[in-house]
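The values are calculated or read from the model by the stated rules, or taken from the named source; none is laboratory data. Nothing here was measured: the structure is a model prediction, and the numbers come from that model. Note: ideal-geometry Cβ built from the backbone for every residue, glycine included; neighbour counts use all protein chains shown. To get the accessible areas, we keep the full protein, side chains included, count just its heavy atoms, and leave off ligands, DNA and RNA. Shrake-Rupley method; radii C 1.70, N 1.55, O 1.52, S 1.80 Å.
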Amino acid sequence: MASPIPDLLRSLLAASGPSGREDEAARVWRDAASGFAQVSSDTLGTSYARVGPGEGAPTLAIVGHVDEIGIAITNVEESGLLSFTTVGVVRAEALLAQRVDLLTRNGRVPGVIGRTTIEPGKAGERPRVELSDLHVDVGARSREEAEALVRPGDQGVWRGEPVELPNGRLVSKALDNRLGAYAALEAARRLAEGPAAEVDVVAVAAVQEELGSLGARPAAFALDPLVAIAVDVTYATDVPGGDPRRVGKVELGGGTMIAVGPSLNRRVTDLLVETAEQEGIPHGFEVYTRATMTDADEFQLARAGVPTALLSIPLRNMHTPTELCELGDVEATIALLVAFARRLRRDSSFVR
């Protein structure tokens, strides 16, 4: 029988946390960390959970961003309908006819996303959905009623509970990247409660990655780690249109994807591969030829440069309310993080 969704992951997925409004999701993460780690946060909202020997030990940073994509209200119309824009990269067709929760000064306000009416005989003339065609309906009859509920700048996220599918597969909003934030913290917990590493391990729930890894930048500067591993999701190639010839074979059930490329430290990557092979941890490879567009890029360039690697979890339906992963791949990622941390020594060097 497939493993159920871990309680912490379920709680993280149920929480709302669009970029810049990660408070609820970050609070869930920090509350879970408080039972075994030294917990802190910074002025942007990034959260840290430190475990390890202390006493001047170098730091391994494990980074997963906790923010999710969403929408932001831009205008309240006379009709009571709401105009909006996106927070992060969201395709208009993924928003049409979806339920949303708006995060307002009065708490959550439910709404639905509708489209400008198309005359029946002209439906074929506008096949493409544009963001300007869409609006949020919160049930208000007028501008005044709507303004009592929401105001411009209020953000929103998709509404819906996680769904368990056969073969340990999971469907939910915000798998990008609550999976990474969960994996980072779970790895830290296992290191705290089992054989410890020689280095301090700091799990990081970074904010504002969907806006350009804005939370990772100050986090990398503050931590100044010996080595860093970013954990994120990546596009699965085992779907129609997926092309393993472009980036490598990225399949659900293939384990954790070890990224290789010029912006990632070769010695760190090699140690991850060696660890996975010797520990029998399922893994594959994802190939980059330029920046990764993840938090790894900010850690790599912090201060005088941080030896950085990237582990990715295969994901279908990226940036939609029905993102889909396989929990076995999440477990493989956690297992590799733990095993890698235990192989680090205080005098480990990744200078090239």
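Condition (residue is open to solvent by less than 20 Å² (accessible area, probe 1.4 Å) and modelled with pLDDT of 95 or more) applied to region 118-136: is it met by at least one residue?
Looking for residues that are open to solvent by less than 20 Å² (accessible area, probe 1.4 Å) and modelled with pLDDT of 95 or more, one finds at least one in region 118-136, hence yes.
Return yes or no: is Ala2 farther than 25 Å from Gly212 by Cβ, modelled with pLDDT of 95 or more, small (Gly, Ala, Ser) and not in a strand (DSSP E or B)?
For Ala2, the condition - farther than 25 Å from Gly212 by Cβ, modelled with pLDDT of 95 or more, small (Gly, Ala, Ser) and not in a strand (DSSP E or B) - is not met.
I'm trying to understand the selection: among the residues of region 214-232, which are open to solvent by less than 10 Å² (accessible area, probe 1.4 Å) and either modelled with pLDDT under 95 or in a helix (DSSP H, G or I) (or both)?
Result: Ala216, Ala219, Ala220.
Considering (1) modelled with pLDDT of 95 or more; (2) open to solvent by less than 10 Å² (accessible area, probe 1.4 Å); (3) under 26 Å from the mean Cα position of the chain (by Cα), say which one Asn177 fails and leave the rest.
(1)
Looking at region 186-198, which of the residues that are over 14 Å from Ala230 (Cβ atoms) and touching a helix residue (DSSP H, G or I) at 6+ places or on another chain (Cβ under 7 Å) is surrounded by the fewest Cβ atoms within 10 Å (Cβ to Cβ)?
The residue in question is Pro195.
Tell me the strands (runs of 3 or more DSSP E) entirely within region 271-352 that contain at least 1 residues that are open to solvent by 30 Å² or more (accessible area, probe 1.4 Å) and either of a type outside the set (Lys, Arg) or over 28 Å from Ser172 (Cβ atoms) (or both).
Of the strands (runs of 3 or more DSSP E) lying wholly inside region 271-352, those with at least 1 residues that are open to solvent by 30 Å² or more (accessible area, probe 1.4 Å) and either of a type outside the set (Lys, Arg) or over 28 Å from Ser172 (Cβ atoms) (or both) span 283-287, 323-326.
So, in region 162-201, how many residues would count as being touching a Ser or Thr at 6+ places or on another chain (Cβ under 6 Å), assigned to a loop (DSSP other than H, G, I, E, B) and within 17 Å of Arg27 (Cα to Cα)?
0
Please give the number of the condition Val204 fails out of (1) open to solvent by 20 Å² or more (accessible area, probe 1.4 Å); (2) not in a helix (DSSP H, G or I).
Of (1) open to solvent by 20 Å² or more (accessible area, probe 1.4 Å); (2) not in a helix (DSSP H, G or I), only one is false for Val204: (1).
Tell me which of these Val112 doesn't satisfy, since it passes every other one: (1) in a loop (DSSP other than H, G, I, E, B); (2) open to solvent by 60 Å² or more (accessible area, probe 1.4 Å); (3) not small (Gly, Ala, Ser).
(1)
Go through region 18-29 and count every residue that is open to solvent by 70 Å² or more (accessible area, probe 1.4 Å) and touching a strand residue (DSSP E or B) at 6+ places or on another chain (Cβ under 8 Å).
Within region 18-29, residues that are open to solvent by 70 Å² or more (accessible area, probe 1.4 Å) and touching a strand residue (DSSP E or B) at 6+ places or on another chain (Cβ under 8 Å) number 1.
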